[in-house]
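Just so it is clear, none of the values below were taken in a lab; they were calculated from the coordinates. Note that the structure is a prediction, hence the values are computed from the model and not measured. Cβ: placed from backbone, ideal geometry, glycine included. Neighbour counts: every protein chain shown.
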Amino acid sequence: MTPRALVLQHGDWGPPGLLADWAADRGVALDVHHAASGDPLPALDGQAFVASLGSPHNPDHAGEEVVAERAFVREAVARDVPMLGLCFGGQMLAAVLGGRIERAPRPEVAWHRIRSASPDEVPEGPWLQWHYDRFTLPPGAEPLADSPVGLQAFRHGRHLGVQFHPESTIEIVRDWARTDAPRLAALGIEDGEALLEQGRPYADAAADAAYVLFDAFWERARR
């Protein structure tokens, strides 16, 4: 039977991107739930894994959809359904496991290289990033990567949380740069789109690295 996985997408601006490409190549069917739609979250019913993508919120946000997802991720963890958390999703996974969400000392936007203790599982990039908050290491989790700004990846059993965006491309993140233009200007960044384009030479390698990360997660998830 074809394995099926659930993807939690938080708005049209944050699609599965490279995760969808990887799933198609690996024979994994993705069911995408638009969490911001207000529709009830699907039941946990034999999914191979659940992936939570980026969001303009953080897990401490009091919005109804965020509160509902936090309960959903808590249930998934309790039932040992493998969770793949990407940026907001990584923060949500960390929070459910007992980590803290806090303001990062400085934002990480556009391309950043990380330090990895397990490059075969979490390559060092450069990766696309777009976040203003960060997570701390949950109790019982193993740190896998960090940057000068904070923790970048952790593993907890079959669950993986990362702070960067392996699923995203320049074309996807360009919309975030446009939306965030006033916020970036306040940080002294005049042209977020140009900053993204400076990393165009990294794009193919980043896509290859994303497949490495997704493959490593998938191998562990199936154990």
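Values computed for the structure shown
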quantity	calculated
Residue satisfying all of: in segment 84-98; surrounded by fewer than 24 Cβ atoms within 10 Å (Cβ to Cβ) and either without any contact (Cβ under 8 Å) to a residue 60 or more places away in the chain or among the small types (Gly, Ala, Ser) (or both); nearest to GLN163 (Cα to Cα) among these	ALA95
Test: residue in segment 100-110 that is of a type outside the set (Phe, Trp, Tyr), farther than 22 Å from ARG183 by Cβ and surrounded by 17 or more Cβ atoms within 10 Å (Cβ to Cβ)	no
Residue check for SER55: among the hydroxyl-bearing types (Ser, Thr, Tyr) and either crowded, with 16+ Cβ neighbours inside 10 Å or under 13 Å from the mean Cα position of the chain (by Cα) (or both)	yes
Residue in segment 23-38 that is among the hydroxyl-bearing types (Ser, Thr, Tyr) and surrounded by fewer than 16 Cβ atoms within 10 Å (Cβ to Cβ) present	yes
Residue satisfying condition, being among the hydrophobic types (A, V, I, L, M, F, W, C) and over 13 Å from ALA110 (Cβ atoms), within set ALA153, ALA194, ALA206	ALA153
Residues (among the hydrophobic types (A, V, I, L, M, F, W, C) and buried (at least 19 other Cβ atoms within 10 Å of the Cβ)) located in segment 111-142	TRP111, ILE114, VAL122, TRP127, LEU128, TRP130, PHE135, LEU137, ALA141
Condition check for GLU75: crowded, with 19+ Cβ neighbours inside 10 Å, free of Cβ contacts under 8 Å to residues at least 60 places away in the same chain and part of a helix (DSSP H, G or I)	no
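Residue-by-condition table, conditions (1) buried (at least 16 other Cβ atoms within 10 Å of the Cβ); (2) aliphatic (A, V, I, L, M); (3) under 18 Å from MET92 (Cβ atoms); (4) out of contact with any strand residue (DSSP E or B) (no Cβ under 7 Å at 6 or more places or on another chain):
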residue: ASP146; (1), (2), (3), (4): yes, no, no, no
residue: VAL149; (1), (2), (3), (4): yes, yes, no, no
residue: HIS165; (1), (2), (3), (4): yes, no, yes, no
residue: ILE172; (1), (2), (3), (4): yes, yes, no, yes
residue: ASP180; (1), (2), (3), (4): yes, no, no, yes
residue: ALA186; (1), (2), (3), (4): no, yes, no, yes
residue: GLU190; (1), (2), (3), (4): no, no, no, yes
